[in-house]
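Down below is the structure, laid out as structure tokens.
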């Protein structure tokens with residue numbers, strides 16, 4: 001889609017949480033790096049909410065991107081509703097190892113605000 005098609009489709013199709021859609025002026029983010037977001041017109045914005053707390057280490061951090069790619073080669077996502085995976089178990093064990101005494105269980109959530 002070109003710029004105008006993106007804006008039109010965003011207005012007509014996408015509902016944005018906590019947004020007055022009647023007054024909404026589309027802000028379409030095309031890319032990001034570190035704590036900077038860049039819209040489809042090339043304007044830069046400070047991502048002051050870490051994309052709502054999910055990217056606390058910034059966007060496109062090379063070490064994190066490599067770890068994500070590696071995980072995607074194995075499994076992108078599996079629910080924790082009665083299932084698990086080696087990466088989850090290994091991280092949980094490491095966190096318990098680092099945590100103060102008495103903190104012996106780990107719960108992983110699906111986003112940065114849960």
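Computed from the coordinates by the stated procedures, all read-outs in this text should not be read as laboratory data. Everything numeric here is computed off the predicted structure, so don't read it as measured data. Neighbour counts run over all protein chains shown; Cβ positions are idealised from the backbone, glycine included.
General observations
- Estimated from helical segments only, the mean residue ellipticity of the chain at 222 nm is -10000 deg cm²/dmol, where each DSSP H run of four or more residues counts as -39500 (n - 2.57).
- What separates the Cα centres of segment 1-17 and segment 60-75 is a distance of 29 Å.
- Footprinting exposure proxy for 89, 7, 13 (fewest neighbouring C-beta atoms within 10 Å first): 13, 89, 7
- Cα gyration tensor shape for segment 1-51, rounded if a/c is under 1.5, else prolate or oblate: oblate
- Note on residue 91 and residue 4: the model spin-label points, each 7 Å out from Cα along the C-beta direction, lie 4.4 nm apart.
- Based on alpha carbons, the Rg and Dmax found for the chain are 18.6, 56 Å.
- The mean sequence separation of alpha-carbon pairs under 8 Å and at least six residues apart, normalised by the residue count of the chain, gives a relative contact order of 17 percent.
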